[in-house]
């Protein structure tokens, strides 16, 4: 799904190799963010182009002049998140919370007239009564590219110098193969 459209774009009349490759670093699905970053790094090597990572939540597809908004959503495992964007910058790490606190938090944001966006396909269940006031959106590749273009060269160079790191809402949960407890696996004789 990634490489065929890219090949078509690079084969268009007048197309040239990209000067920079921009990739959304999340938050998003664990595998999706990692695949996006891996593909961007591979393309950067193959096309001899620098790669720049930008948090996906800075690029709502229906972006308007609002530089301040809050992205909310379902963080799975019976929790929800809120991430504030101020001045087109992530102002702090994601806040994870349970449904009741999440609902009160979003209700307060809306009461103050703040823009609240969700990238979830469906408005999170605790916010059903506020659905009409919450903007449903998705990160847009065009907006990521526009953000990169709007950066000064110094800012782009600083971003390219940093290794691409995915933004996760929580640390990945990884288990041992076969579900063996660490003590049992270490003490087994073969």
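Here residue 130 passes the criteria (1) surrounded by fewer than 20 Cβ atoms within 10 Å (Cβ to Cβ); (2) under 27 Å from residue 147 (Cα atoms) except the one numbered (2). Checked against the criterion of being surrounded by 20 or more Cβ atoms within 10 Å (Cβ to Cβ) and modelled with pLDDT of 95 or more, the stretch 88-106 has at least one qualifying residue. Sort through 10, 43 and tell me the only one that's farther than 30 Å from residue 111 by Cα, at pLDDT below 85 and surrounded by 12 or more Cβ atoms within 10 Å (Cβ to Cβ). Step by step, each of 10, 43 is checked, and only 10 is farther than 30 Å from residue 111 by Cα, at pLDDT below 85 and surrounded by 12 or more Cβ atoms within 10 Å (Cβ to Cβ).
What do you reckon, is residue 139 more than 20 Å from residue 55 (Cβ to Cβ) and either in contact with a strand residue (DSSP E or B) (Cβ under 7 Å, 6 or more places away or on another chain) or modelled with pLDDT under 95 (or both)?
On the way: more than 20 Å from residue 55 (Cβ to Cβ): no; either in contact with a strand residue (DSSP E or B) (Cβ under 7 Å, 6 or more places away or on another chain) or modelled with pLDDT under 95 (or both): yes.
Against the criterion (more than 20 Å from residue 55 (Cβ to Cβ) and either in contact with a strand residue (DSSP E or B) (Cβ under 7 Å, 6 or more places away or on another chain) or modelled with pLDDT under 95 (or both)), residue 139 does not qualify.
Screening residue 119 against (1) in contact (Cβ under 8 Å) with a residue 40 or more places away in the chain; (2) on the phi > 0 side of the Ramachandran plot leaves a single unmet condition, (2).
Scanning the stretch 98-116 for residues that are out of contact with any helix residue (DSSP H, G or I) (no Cβ under 6 Å at 6 or more places or on another chain), outside any helix (DSSP H, G or I) and on the phi < 0 side of the Ramachandran plot yields 98, 112, 114, 115.
Okay, residues lined up against (1) touching a helix residue (DSSP H, G or I) at 6+ places or on another chain (Cβ under 8 Å); (2) modelled with pLDDT of 85 or more; (3) part of a helix (DSSP H, G or I):
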{"residue": "144", "(1), (2), (3)": "yes, yes, yes"}
{"residue": "149", "(1), (2), (3)": "no, yes, yes"}
{"residue": "166", "(1), (2), (3)": "yes, yes, no"}
{"residue": "174", "(1), (2), (3)": "no, no, no"}
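The values are calculated or read from the model by the stated rules, or taken from the named source; none is laboratory data. Not measured: the values here are computed from a predicted model. No Cβ is skipped: glycine too gets one built from the backbone with ideal geometry, and neighbour counts run over all protein chains shown.
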